[in-house]
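The values are calculated or read from the model by the stated rules, or taken from the named source; none is laboratory data. Note that the structure is predicted; figures quoted are calculated from it, not measured. When we count neighbours, we look across all protein chains shown, and the Cβ atoms used for this are built from the backbone with ideal geometry, even at glycine.
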Amino acid sequence: GNSLCIRILLHSGLSLTDLLTATNMSWDDGKHAKVSRVKLTYDDVIKSIEVEYDGTSLKSQPRGPVGAKSDGFTLALDEYVTEVTGYYKTVFSGDVITALTFKTNKNTYGPYGNKTRSFFSVNAPSGNQIAGFLGTSGNALNSIDVHFAPVPPPGSIKPKPDSGTNTGDGGS
């Protein structure tokens with residue numbers, strides 16, 4: 001039968017998903033108060049992105065399949081994402097993101113993954129932040145886009161009630 005041909009393709013590092021490009025799923029996290037945490041998994045390409053947001057009870061979920069390596073970062077309460085840059089490559093099934101870097105008003109996180117030839121960047125307009133992500137993923141992260149929102153006013157983002165230990169006055 002044709003299972004041999006598939007096995008050879010799998011052996012050459014392609015998965016069935018590579019062959020069935022129609023399996024690319026669009027996803028959209030929506031727009032939120034701000035990004036609080038980003039977790040990426042990757043190998044030679046970015047496999048998944050999982051973003052937690054402040055001001056929502058929405059449970060974060062990985063967008064894309066889980067890769068071999070994982071990395072990420074957590075933002076301070078007064079920190080917000082201002083720019084996302086990255087690299088992608090074009091394979092026969094379309095574009096795949098290979099590296100991502102996140103810039104905030106305080107830090108730069110990344111690059112995560114591997115730099116390839118094609119560069120892209122998306123920058124929030126002045127007074128705005130990147131407050132949500134959307135994109136497509138199949139066997140990897142194929143594309144990523146962002147929602148802009150005004151920068152949250154200082155002090156508007158409160159620590160989550162479930163964030164660990166109680167800061168009382170100790171054993172005074």
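Exactly one condition in (1) within 15 Å of residue 111 (Cβ to Cβ); (2) of a type outside the set (Phe, Trp, Tyr); (3) modelled with pLDDT of 95 or more is false for residue 44; which is it?
Just one mismatch for residue 44, condition (3).
Quick one: is residue 47 basic (Lys, Arg), assigned to a strand (DSSP E or B) and surrounded by fewer than 17 Cβ atoms within 10 Å (Cβ to Cβ)?
No: the conditions fail for residue 47.
Taking the options 54, 78, 18, name whichever one is within 16 Å of the chain's Cα centre (by Cα), acidic (Asp, Glu) and at pLDDT below 95.
Within the list 54, 78, 18, the selection yields 54.
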